[in-house]
Amino acid sequence: MPECQVSLKVAPDRTSYLHGDNVLITIWAKKKNRAAAQEPVKLYVFAPSGEKVYRSRLSTDSLGRAMGMYRIGKNMAAGRYYIEAHSTCTSVALASFFVLHRKQSCRKLLFSG
């Protein structure tokens, strides 16, 4: 049986987000130090609780890159989210990002006296 030659890297476009933001996730696949074109990959996002909140099947382009987008819902928990990317030969790449609580707007109080 041939050995799997695919290596993966995965990363979000930023390290922290607010509710309602989109997370752009990029996966890079290589075979023998060259871009792995048309490589099928699976992308998963897990909430801080461990619940799988996003999954997608993608294929890399001619540069060995695939991209997915995950929208953070208004009711999603704040905390560290985990990203997993899998190739068909079980190579795994991991990354994470934070979802922060949206700061509440401050209202100016007027006092009369």
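The values are calculated or read from the model by the stated rules, or taken from the named source; none is laboratory data. Since the structure is predicted, the reported quantities are computational estimates derived from the model, not experimental observations. Methodologically, a virtual Cβ is constructed for each residue, glycine included, from the backbone with ideal geometry; neighbour enumeration extends over all protein chains shown.
A few points about this structure:
- Of everything listed in (1) modelled with pLDDT of 95 or more; (2) out of contact with any Asp or Glu (no Cβ under 7 Å at 6 or more places or on another chain), the single unmet condition for PHE98 is (1).
- Restricting attention to region 1-45, the residues that are surrounded by fewer than 11 Cβ atoms within 10 Å (Cβ to Cβ) and among the hydrophobic types (A, V, I, L, M, F, W, C) add up to 1.
- Cβ-Cβ contacts under 8 Å between residues 6 or more apart (or on different chains), taken from a first residue in region 1-27 that is assigned to a loop (DSSP other than H, G, I, E, B) to a second residue that is modelled with pLDDT of 95 or more and of a type outside the set (Val, Ile, Thr), are listed as ASP13/LEU24; GLY20/ARG71; ASP21/ARG71.
- Region 36-92 holds strands (runs of 3 or more DSSP E) entirely within its bounds, and those carrying 3 or more residues that are without any contact (Cβ under 8 Å) to a residue 40 or more places away in the chain map to 52-59, 79-87.
- If only residues of region 48-87 that are surrounded by 15 or more Cβ atoms within 10 Å (Cβ to Cβ) and under 10 Å from the mean Cα position of the chain (by Cα) are counted, the one that is nearest to TRP28 (Cα to Cα) is ALA85.
- Per-region count, region 4-51, residues among the charged types (D, E, K, R) and at positive phi: 1
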